Each structure stands twice: as C-alpha cells, then as structure tokens.
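The values are calculated or read from the model by the stated rules, or taken from the named source; none is laboratory data. Source: prediction; values computed, not measured. All Cβ positions, glycine included, derive from the backbone under ideal geometry; neighbour counts span all protein chains shown. For accessibility, only protein heavy atoms count, side chains too; no ligands or nucleic acids. Shrake-Rupley method; radii C 1.70, N 1.55, O 1.52, S 1.80 Å.
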Amino acid sequence: MMLHSKDDSFSASGGRAIQKIAKAAEALTNLTAGLQQYVKVDDEVRIAMTDLNECIQTAADRVKRKRNFFDFQLSCRRMPVIEGYPVQLELLFYHLIDNAVQFRAIERPLVITVDHTLLEENVYRSIPDKYEFTEHIKVVFSDNGIGFDNEFREQVFQFGKKAHLSRNGIG
C-alpha cells in the first residue's frame, strides 16, 4: 500500500487519513481471515478419535509462530483421547491460547492452565428408575491475563461480541 508519494504532497491530515484507512483495511483483512476459519470449521463432518494433548500442543505452537511470543508456561495435565471433531477442537484451543497471549498482563509471566474432569450423565434422566451413563469431559481453560470487566460477562462469549474493541478478531 502506498503511504507516501514521491513528492510527499500529502498534508498532515491527509497522511493521518491514509494511515486510518490502512489500519481499517488491516482490521478487515483480519476479520475476513477469522470468518474464513469459522466457515471452514463447519465443513468438518466426521467425528474421529482425537488426542486433546496433540490439539493443545499444535495450537500452542501455531500461536507461538504467529505472535512470535514464546514466553509463556502451558500447564496441561494429561488429557484424554476423545471422539470429536479434530479441526474444531484444535481451532478452539488455538483461539483460547491466542487470546491469552493477546490479553496477557505485561507485569507478570503468562501462565495458561488446561485441566479436565470426567463427568457421567444419565441418558435416561427423564425416565424414573432407568439408568445408562455416558462419559463426557469438562475442559477448564484458565490464564492469569488481564481478564475483562463484569459488565461484559454476558456478551463476551457471544459470536461477534468483543470486550476489547481495539483488538483483532471476530469477537
């Protein structure tokens, strides 16, 4: 993108306008990339045995390369292999780790913790005295970043909503 002409004939306000346009174009490019990821995830139709440890490690490696930031501790207890959508799960962990890196607290080292709990659910819960339990896992992801204000607690996990409007991403 041309930000300066050969004869530097832009006024100061014209130069600021060009910079504002360039910044908006970059934000739109990032938004488009995020939407492409979201649409691609919807194409995955086959459930497969998925090693969550591999998903998390691959996601962390991608974030390190993208952000050129390697100074964080990833504490992850051994995760199970589950039936799931591998691409979707890796993308989920990628965005969680990427958000942790983007919204880290500068004054302390970033620590990301991933843990899980095995849950059993009665599939016949609406039929009295009938029991068949299926196993599920609850994955808990936490970090020591800057967090967000309670005023955003309802919207922060909705598609397209953002707590930090100055940052890239869909929301």
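Please arrange 93, 72, 133, 148 by accessible surface area, largest first, computed with a 1.4 Å probe and ligands excluded. Present the calculation step by step, with values, prior to reporting the outcome.
Details: 93 5, 72 30, 133 115, 148 85 Å².
Heavy-atom accessible area, descending, gives 133, 148, 72, 93.
I want the local charge near residue 71. Using Cβ-Cβ distances under 13 Å, sum +1 for each Lys or Arg and -1 for each Asp or Glu among the other residues. Walk me through the numbers on the way to the answer.
On the way: positive: 64, 67, 104, 108; negative: none.
Combined, the nearby Lys, Arg, Asp and Glu give +4.
Taking only C-alpha pairs under 8 Å that are 6+ residues apart, what is the relative contact order of region 57-119 in percent?
Working: 47 pairs, mean separation 32.3, N = 63.
Normalised by residue count, the contact order of region 57-119 is 51 percent.
How would 97, 21 line up by accessible area, probe 1.4 Å, largest first? Write out the running numbers ahead of the final one.
On the way: 97 0, 21 100 Å².
My answer, sorted largest first, is 21, 97.
Taking a 1.4 Å probe, which of 132, 154, 90 shows the most accessible area, and what order do the others take after it? Don't skip to the end; give the middle numbers.
On the way: 132 90, 154 135, 90 50 Å².
In descending accessible area the options line up as 154, 132, 90.
Can you give the accessible area of residue 74, probe radius 1.4 Å, in Å² rounded to 10?
Its accessible surface works out to 50 Å², give or take rounding.
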